[in-house]
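All remarks here apply to the structure that follows.
The values are calculated or read from the model by the stated rules, or taken from the named source; none is laboratory data. Remember, it's a predicted structure, so these values are computed and weren't measured experimentally. Reconstructed Cβ throughout: ideal geometry from the backbone, glycine too, with neighbour counts over all protein chains shown. Remember, those area values only see protein heavy atoms, side chains included, never the ligands or the DNA or RNA. Shrake-Rupley method; radii C 1.70, N 1.55, O 1.52, S 1.80 Å.
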Amino acid sequence: MTVVAFDFDGTLSDSEMTVLLGERRSVADEMAQITDRAMNDEIGYATSLRERAALLEGLPEADATAAFDQVELRPGAADLIETLNEAGVTTAILTGGFERGVAAALEREGVTVDHIVSNRLPITEAELTGEVDGPLIEGTKDDALAELAETVGVSLADTVAVGDGANDLPMLEAASLAIGFEPKPAVEPHCDVVVSSMAAVEETLVSEGVLDRS
């Protein structure tokens, strides 16, 4: 059995959740600047996530829901997930993004993954509090991947990680196969393979024996 763990924003999805939320609060530009600095490893991921969440303080829950409903999987992602599921590969999403956006995107495409590890934006009195909580605030995706492998009953030698940004580096370095999806410059040297489409991810998994087309 193999585990394939995907990042979400920038990998399975070309949507950026915090920017979609920021547009509802007229802070999208500030969000994008913080995100870019974090993905290029210029500032710590936890700092960037807390800064972006703070900009959303007071956003009505209805607006947050509308933003999450805009999150979409990139072309080919749903098909790849279905192929992996049918092959008996354990699929996972490890993201510093938010559970509600991931769930909305998967539901729209009618696909599921075996495990989702993500963060949340707390709501009080029908408004975002400006805080963030969850298991991946510190960007410890290597720990999350190791825990997932243990849960499934495989070693890290049987894991694949797919990501693009600096916060994906821990899981890319921990996994047996690191696939960079249009990775940021600071990330690319740490990838075994670099791709720019979900079809290319599938081809890589076939060539590495994770998927069998015979």
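A few notes on this one:
- Scope the range 117-136; condition closer than 20 Å to Glu173 by Cα and crowded, with 17+ Cβ neighbours inside 10 Å; matching residues: Val117, Ser118, Leu136
- Restricted to the range 87-102, and to residues there that are under 12 Å from the mean Cα position of the chain (by Cα) and in a helix (DSSP H, G or I), the residue that is modelled with the lowest pLDDT is Glu99.
- Within the range 1-39, the set of residues being surrounded by 22 or more Cβ atoms within 10 Å (Cβ to Cβ) and at positive phi comprises just one member, Gly10.
- Selection count, the range 53-67, where residues are in contact with a helix residue (DSSP H, G or I) (Cβ under 7 Å, 6 or more places away or on another chain) and in contact (Cβ under 8 Å) with a residue 60 or more places away in the chain: 4
- If you filter the range 205-214 down to residues that are closer than 13 Å to Thr83 by Cβ and in a helix (DSSP H, G or I), you find that the one that is farthest from the chain's Cα centre (by Cα) is Val206.
- Residue satisfying all of: in the range 170-201; touching a residue at least 24 places away in the same chain (Cβ under 8 Å) and in a helix (DSSP H, G or I); nearest to Thr11 (Cα to Cα) among these: Met198
- Selection of the range 40-70 for residues being open to solvent by 60 Å² or more (accessible area, probe 1.4 Å), within 29 Å of Val111 (Cα to Cα) and either assigned to a loop (DSSP other than H, G, I, E, B) or among the hydroxyl-bearing types (Ser, Thr, Tyr) (or both) yields Asp69, Gln70.
- The residues on offer are Leu80, Leu84, Leu73, and the sole one that is buried (at least 17 other Cβ atoms within 10 Å of the Cβ), assigned to a helix (DSSP H, G or I) and touching a Ser or Thr at 6+ places or on another chain (Cβ under 7 Å) is Leu84.
- Sub-6 Å Cβ pairs linking a first residue in the range 68-81 that is closer than 13 Å to Gly10 by Cβ to a second residue that is open to solvent by 10 Å² or more (accessible area, probe 1.4 Å) and among the charged types (D, E, K, R), at least 6 apart or interchain, are Leu73/Glu109; Arg74/Asp14, ordered by first then second residue.
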